[in-house]
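Every number here is computed from the coordinates shown, using simple stated rules; none is lab data. For clarity, every value in this text was computed on a predicted model and none was experimentally measured. FYI the Cβ positions are ideal-geometry reconstructions off the backbone, even for glycines, and counts take in every protein chain you see.
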Amino acid sequence: MLSVCLYFHVHQPYRVRRYRIFDVGHSHDYFTHAGEENLNNEWVLRKVTNKCYRPAGELFLELLHRHPELKLSFSFTGTVLEQMERWAPDVLDIYRAMVKTGRVEIVAETYYHSLAFFYSVPEFERQVEMHAAKIKKIFGVTPKTLRNTELAYTNSLAEWAAKKNYKAVLLEGWDAILGWRAPTYVYRPPKGKTALLMKHYKLSDDIAFRFHDSSWAGWPLTADKFAHWVHAYHGNGQVVNLFLDYETFGEHKWADTGIFEFVRHLPEHILAHKDTDFVTVSEAAERNKPVGVVDVPHVVSWADTDRDLSAWMGNDLQRSALADVYAIEDQVMATKDDAIIEDWRKLQTSDHFYYMCTKWFNDGDIHAYFNPYESPYNAYIAYRNALADLMLRIEKPKASTKAPVKTKAPPKLLARAKAAAPPKKLLAPAKGKSPARPARKKA
């Protein structure tokens with residue numbers, strides 16, 4: 001028997017508005033932007049809801065009713081759930097209905113889509129606990145499996161997950177860590193009994209990245225063709241893990257590409273082979289005995305061609321911002337001010353550092369497409385200014401979160417926000433090249 005594990009990740013951040021140096025000490029609202037659409041969190045959520053969350057949700061719910069054998073797994077960040085509760089509550093009802101079928105699993109992760117595991121395990125634990133509470137409140141279930149932000153994984157994450165009794169951890173089935181082995185088997189880490197489920201990145205990326213590419217040898221990708229590729233693993237695998245960003249359906253791949261019709265017919269073609277079925281993440285771990293150990297001493301993620309954390313930590317801007325936001329953890333927690341703590345956690349969201357990425361060429365095209373700022377430097381400045389203001393609030397914990405604060409911001413943070421210019425080599429594309437955006441329609 002060969003199984004297919006369909007897992008989708010759903011996330012929207014709270015984008016930092018164009019927070020100016022002149023706002024520091026006068027406004028503590030870092031995330032509300034009524035002007036430019038790409039920085040307006042409500043506008044983005046409603047847009048993606050209309051293009052993806054609602055139509056894709058209705059389609060998958062229909063397919064769950066049509067195919068009793070179909071099973072799905074999702075992870076939702078706390079930030080996207082908050083935004084859905086506020087601006088698209090009807091969409092949450094669709095996903096509640098999915099979970100009520102008993103054939104949809106919710107996977108645990110960090111509430112704020114942060115990189116906390118690599119900077120503060122205590123904060124990581126708090127965010128995972130917050131996330132579990134949110135999932136319990138909305139869906140009435142408790143996650144049994146775990147994914148870290150951007151599938152960022154190393155051996156120590158599996159050790160942590162084993163201590164917390166998670167059945168499985170999701171990670172990228174990257175060639176560099178698998179070697180000659182296939183991602184279609186369940187593995188285990190060097191320590192602990194938690195199962196490791198490896199993303200089949202080639203088949204997953206056929207949908208997520210190559211589906212609309214008319215220059216690709218596999219184009220056009222049809223459901224029967226894709227199912228044939230999956231069925232080829234009979235006799236050479238236990239489970240084909242298709243892990244995708246949920247926004248693939250309708251947002252990254254617009255409806256006119258045929259992506260919804262592809263999804264509509266995929267289950268029937270997968271199930272056409274009598275020895276093929278669907279499993280949730282937990283079922284994949286429970287049903288299949290690990291065939292060997294996968295040792296990952298260094299971090300691997302599902303991002304970019306490097307499959308590491310360079311998309312978030314690859315330049316001085318990113319490393320500086322990350323180091324400083326986590327450096328104030330003790331001071332933030334000591335305030336016991338819910339508003340300060342919440343804003344600090346929103347500033348941990350990995351998207352902020354992704355917007356500061358200065359990669360070019362193939363990866364740069366992707367980064368540019370998903371960046372609401374004109375440049376990584378603009379993203380850095382807005383973030384730095386917000387962090388400087390947060391530092392002021394920590395120094396004046398009793399000050400109202402709405403009233404102006406008339407003190408000076410910490411000199412080091414203000415200096416970085418106002419005058420720190422990134423090295424030219426970080427921001428300039430290589431000679432003769434330009435960081436062109438991918439050929440996608442503008443939203």
(Q) Sort 205-217, 318-330 by packing, meaning the average of other beta carbons within 10 Å per residue, with the highest value first. (A) 318-330, 205-217
Q | Estimated inter-spin distance, V291 and M333, nm [label 7 Å along Cα→Cβ] | A | 4.2
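Under the Kirkwood approximation for Rh and a Cα-based Rg, what ratio Rg/Rh is obtained for the chain?
Numbers: Rg = 21.9 Å, Rh = 22.7 Å.
That ratio is 0.96, to two decimals.
According to the square roots a ≥ b ≥ c of the eigenvalues of the Cα gyration tensor, what is the shape class of segment 1-102, taking rounded for a/c under 1.5, prolate for a/b larger than b/c otherwise, and oblate for the remainder?
Details: a/c = 3.30, a/b = 2.69, b/c = 1.23.
Since a/c reaches 1.5 and a/b is larger than b/c, the shape of segment 1-102 is classed as prolate.
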Q. Which one of P267, V80, V293 is farthest out on the positive end of the charge dipole of the chain, using unit charges on Cβ (Lys, Arg +1; Asp, Glu -1) and the Cα centre as origin?
A. V80
Q. So in the chain, what percent of DSSP beta bridges are antiparallel if you round to the nearest 5?
A. 15
Q | Cut-off under 5 Å, modelled amide H: who pairs with Q238 long-range | A | Y185, V186
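How large is the translational diffusion coefficient of segment 54-98 in µm² per second when you combine the Kirkwood radius over alpha carbon pairs with Stokes-Einstein at 25 °C and 0.890 mPa s?
Working: Rh = 11.2 Å.
This corresponds to a translational diffusion coefficient of 218 µm²/s.
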**Q.** Simple label model, 7 Å out from Cα along Cβ direction - S375 to E129, nm
**A.** 4.3
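Run the helix sum for the chain: -39,500 (n - 2.57) per DSSP H stretch of 4+ residues, divided by residue count, reported at 222 nm to the nearest 500 deg cm²/dmol. Write down the numbers at each step before the final one.
Values: 20 runs with 189 residues, N = 443.
That comes out to -12500 deg cm²/dmol.
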Q: Considering the options F211, T154, G140, tell which one lies farthest towards the positive end of the dipole of segment 63-214, charges being +1 on Lys and Arg and -1 on Asp and Glu at the Cβ, about the Cα centre.
A: G140
